[in-house]
Every structure is written in structure tokens, then in C-alpha cells.
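Take a look at the structure below.
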Amino acid sequence: MQMKFEQDVMVPMRDGVMLATDIWLPHDGPAPVLLMRDPYVKDTGGAIRSSGFLVLYLPHVLAAGYAVVIQDCRGTGNSEGTYIPMIDEPNDGADTIDWIHEQPWSNGKIGMFGLSYHGMVQWAAATVANERLTAIAPTLATSDYYHTPWYSPGGAMSWHCVFFWTSMMAAVDANRSLAAGSGSSENAMALAEMHVALDKYLDTTPLTAVPLLGECTTWWSDLLQHPARDSFWQERAAAERFEDVTAPALNIGGWFDMFIDSTVSSYQGMRKRGGSVEARDGQRLIIGPWDHRQYSGMNIDRTFGPMADAAAADIIGYQMKFFDRWLRGNTDAFDDTYPVRIFVMGIDQWRDELDWPLPDTEYRDYYLDSSGRANTALGDGLLSVDTPLLAAADTFLYDPRRPVPTIGGRTLMPSAGGGSGPVDQRPIHSREDVLCYATPVLDEPLEVTGNISLTVFVTSSAKDTDFTGKLVDIHPDGRAIYLTDGILRARYRKSLSEPELMVPGEVYEITLDMSVTSNVFLPGHKILLEVSSSNFPRYDRNSNTGGVIAEESLDDSVIAVNNILHGPDYPSRLTLPVIDRRLS
């Protein structure tokens, strides 16, 4: 294949900063262009390799006749300037798109692609570039940086992700400074060790007591100083400006990816508020049984069959159809597709749907019940479709010095809890600070597909504490497989931007967003709900004092006595999105 390649073309931004840009041209003459903007140093080749067949990669795209542009983000790789996560990405992305428009090898049809941060910059550019950006395909990405990756929809900090990613980027930047003849070799070595030996540092308190990160980054202190979703986060969220986005988006996510909330909410938000008819009607959503790093569907505790693999599911082929539709004007490219394509776990099958949430969703309440002894999996906690007749309360102690450990779930890297995704939860089911509520063994299959919520009536001895919920599929062989979870920092029970402390001993009705899943609970299985107050190091530990958590040490923390009330007057309940098509 004949191809023209230009390396490190310096593209000017509006403030005069020059960004290093590589260009691949598959043939002479104008062509549609696919752009990836990369903060991880494009010269390492990571941006142009196949990501487990989940993201387009260079040979595939060039063979299809597209020009490809890959650019080092500001302050990274060979680009000029200072790197601050997401601050300059909207304007830099838009300026790059303007520059591409003016090149003789561009036909003016420009798309963006890429995974994780490569997807986040797509949303950022789309809010500024308007009609100059034709289509985007954000994969395992977010349009709201507070919700993910820095904090969460419930206000707790995503501690494992924040520490891992910040130490990684700080180490990269330190090495960049050394290569430029400045910086400290000692700092570079210390940051590399911090990143590799992550678990050694995750217990650090207060969170501000990592001076090296503060010294070697320009953003660490900002993250810690804005625990609420205030104007600092609102101004940076593309989700706040969907009305300015005119590009259709192919949203690709994984049920066990930390960005899945935003993947789904971005699709929904753009369907309602997108800035053009094409953007609203052109939204597409694909969700597979993947986490942030693993796209085969093969896991130690749960495998999902050969079709779960992103390669077997031809996710790249779907992306090419999407870009052929919008960048080449091939209106027939999507004739054989539906707006939504999801992998339904349990039956382990792909399925096409008309929209999200699924139009035939029935929200069904499962009430928490016990005689006050739901602690551990050996307790008497029940989930029932019937409202409990008797009032009771389940009590547990939350000690920040002894948090419930993260086991699998939606972690950025698999180092926390021995893996990511659908990991067996039984190791924590013997803890007294984990309440377990389970259905009887199911006689018939039950499909749960959609957004899940947990509403509980609580009291606490503390001014502030966390409450967690986790949905688990109990298999006949005893495996307790993680499906989804959520956390709520009680001070944010009314608003993420305006915290309000609790009055100790007062009853509060709170609702946890437990994210999304799609799973058929098969006959012989049970549905299990875990309730507790910590999930560490996935999230930071609440000190229970009501103070500034990032500034408090474990010595400052206090033990909280937390109660989950249920019964006729306190209908605590798990709300599941049930799909019943047996008669359809």
C-alpha cells in the first residue's frame, strides 16, 4: 500500500503553542480524516496499535482510504506547552480540526476516535468545533470528569484511579523534563517507583500528604481542593454543553469499565440535547462485557463465551460503518444496525435494541428485610417483592482504619483486589460490616437490564459517612459474581455541588446510583445485594468527621455506627430494571 508519512508537523494553536502532529496519507488527493489526540506520547506507538480489537488501528484505517492524524496533546511528547488534564483540550482540539480543514489532503470530513483519554478529548473538541467535526467514536470514555474518573456520581473520590493515573502522568512528565535537560532524576525515579508499587502508597493519609505529586504536577492540589462538583468541574464538563455538540457519536463501553455511567449518560444526553438533528438521531451505543483493559470476555471467575471478544464481535467493523456513514456519506452503511447493541450476560448473547433505557423496561422494587441480623452472607437478610410486615434495623460499624476491600469491579487497573470486573465477592461476605440481602433461589430466569438504584432509610452516629451498594449474581456453585455497584457520600445526598452534613441519629432517605448492567439471573441462581460503607481503594475512605477528608489522617477519623432501617414505615428497596419478553 502506497502511503505518505509526515512526522512531527508543528501545528499552531490560537495562543501560539505548537503541537507535534504525525500525518499518514493513504493516497494523493483529498480524503476523509480520522484524528486521535494522545497524551501518552505518540512516538511510543501505543496510539496506532490495536487495542484488543476494540479501537481502530492504523493499518486498518489506511487500508480503508482514510487519512490519519495523531497528535501529542499540549505539554506531552514533542508538543510545546504545559500539560494540565483537559484544560486546553477543547480549544486545542478545535484548532487542530480547523488546521486539518485547511490542508489540501483533507476533504473537510473529519472524525475522531480513540479509547479512554483519547475519547475524553473527543467530547472536549466536539463542544467547540461544532459542525467542523463530522463524527466521533469515544470508547471507554467520559464527558463529565467529576463523575469519572476523578470522583463519582455519589461524591466519593475514585482514589485508586486518581492515584494511579496521576503518578503515571507525573512520571512521564518528569522524564520529559529530564530529556529536555531540566528536572530532577531523583523525582523521576521516585515517581516511577510510586506508580509501580502503587499499593504501598494507597494507604497514605491525609491524601494531601503526597508532596511529590504536588511538586511535580500542576493539577494534584486542584483535584483535592474541589471534592464537590462545583463550578471548577461544571465548567470542564462536556456533558454541560451537549447543545453545542453537532457531531453524531458512537459510544462504546464495557459493563465493568469505570466510565460506563458516562458512556450511557452521554448517549442519553445527546439523544435529548444534541446540537443538531444528525447528532440526536445519529447516536449509537455498544456495550460489551469488558473492563478498562480487557476486551476478550475471559475472566478468572467468569467467562462470557467466544462472542464476547471484541474481535469476534467485530467492533472495529462497526466503527468503520459508522465513519463510512458520516465521513463518506454512505447512507446505507447502517441499514443493518440498531441504535443500541448490548451484550446480555447470563445468557451471554449480543442483542440489538431500539434505545436506552430499553423501551419495555419495568422497574421492579425488591425490599430489604431481616430480623436485624443481615450481617455477613450467613445472616438472615432477604430481598423480597413484598413489603416487609415488621420493622427492623441492621447495624454495622464502619471503621475507616479497616475498610471493606475492593475486590474486582470497576477499577482502572487490576491491581486492586486481585482483578477487575466480574470477580468472586465471597472473600468479603464474612465481614460483619457487610450486610447481605438475597432472594430465594430463582425458579425462572430474570433479566435485569438498565439503570439500577438503591433507596435506603439510614441513621448514623456520624455527621457524614458513606453508604455502598453492590449487585451480585450468586451461582449454584457458590460463586458470588460482581455485576455493578454504587456509593453515596452522605453529605452529597441532596446535591453534589452543595454538601449538607447529617444530624447524628436522624433518619434519612437516601438513594444510591448503582450504575448499569445487563444480566439474566438464571434458574438456580440468587440475586444478592451488599450494603456497607466502604470500598477501598476503589474509593477513598470517609473519615466520618464531616471535615475535609483529603486533609485528615486516619488518626483524625472516627468509627461510625450505621443503621439500615426497613419495614412498613421505612421501605428500603433495590429497584431493578426488569425485561420480560416471554410473551412477546
Please give the Cα centre distance for region 299-337 versus region 507-559, rounded to the nearest Å.
35
Residue by residue through region 295-303, what is 3J(HN,Hα) from phi via Karplus (6.51 cos²θ - 1.76 cosθ + 1.60, θ = phi - 60°)? Round to whole Hz and write x for glycine and proline.
10, 9, x, 9, 10, 4, 9, 7, 10
Around residue 106, what is the net charge, scoring Lys/Arg as +1 and Asp/Glu as -1 over all other residues with Cβ under 14 Å from its Cβ?
0
Report, in debye and to the nearest 20, how large the dipole of the chain comes out about its Cα centre when Lys and Arg carry +1 and Asp and Glu carry -1 on their Cβ.
500
Mind running the shape call on region 195-326? Use the C-alpha gyration tensor, a ≥ b ≥ c as the square roots of the eigenvalues: rounded below 1.5 for a/c, prolate if a/b tops b/c, oblate otherwise.
oblate
Can you give the Kirkwood hydrodynamic radius for the chain, in Å, rounded to one decimal and based on Cα pairs?
24.7
Once 4, 42, 494 are ranked on solvent-accessible area with the largest value leading and a 1.4 Å probe, the list reads 494, 4, 42
What does the charge count around residue 543 come to, taking other residues whose C-beta lies under 13 Å from its C-beta (Lys +1, Arg +1, Asp -1, Glu -1)?
-3
Beyond 32 Å between alpha-carbons counts as too far, so tell me which of 200/526; 42/200; 200/463; 42/272; 272/321 fall in that bin.
200/526; 42/272
So for region 1-112, using the alpha carbon gyration tensor with a ≥ b ≥ c as root eigenvalues (a/c under 1.5 gives rounded; past that, a/b versus b/c decides prolate or oblate), I'd call it oblate
Mean residue ellipticity (222 nm) of the chain, computed from DSSP H runs ≥ 4 via -39,500 (n - 2.57), nearest 500:
-6000 deg cm²/dmol
Could you work out how far apart the two model spin labels at residue 60 and residue 131 are, taking each label as a point 7 Å from the Cα in the direction of the beta carbon, and quote it in nm?
3.2
Placing +1 on each Lys and Arg Cβ and -1 on each Asp and Glu Cβ in region 76-208, then taking the dipole about the Cα centre, the residue among 103, 77, 160 whose Cα reaches farthest towards the positive end is 160
What number does region 56-105 give for Rg over Rh if you use C-alpha atoms and the Kirkwood radius?
1.04
Please give the per residue accessible area of the chain, computed with a probe of 1.4 Å over protein heavy atoms only, in Å².
36
Modelled FRET efficiency - R0 41 Å, residue 503 with residue 199, Cβ distances, 0.05 increments:
0.65
Surrounding net charge for residue 410, when Lys and Arg each add one and Asp and Glu each subtract one, Cβ distance under 10 Å
-3
How much accessible surface does residue 292 have with a 1.4 Å probe, in Å² rounded to 10?
10
Express the relative contact order of the chain as a whole percentage, based on alpha carbon pairs under 8 Å and six or more residues apart in sequence.
14
How high is the relative contact order of region 134-285, in percent, with contacts defined as C-alpha pairs under 8 Å that are six or more residues apart?
32
Shape of region 265-365 from its Cα gyration tensor (a ≥ b ≥ c, root eigenvalues): rounded if a/c is under 1.5, otherwise prolate when a/b > b/c, or oblate?
oblate
Probe 1.4 Å, all protein chains present, accessible-area order of 277, 434, largest first
277, 434
Relative contact order for region 33-168 using alpha-carbon pairs under 8 Å, separation at least 6, rounded to a whole percent?
22
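The values are calculated or read from the model by the stated rules, or taken from the named source; none is laboratory data. Bear in mind the structure is a predicted one, so any value in this text is a computation, not a measurement. We place every Cβ from the backbone using ideal geometry, glycine too, and count neighbours over all the protein chains shown. The protein model used for the area step is the full one, side chains on, heavy atoms only, and it has no ligands, DNA or RNA in it. Shrake-Rupley method; radii C 1.70, N 1.55, O 1.52, S 1.80 Å.
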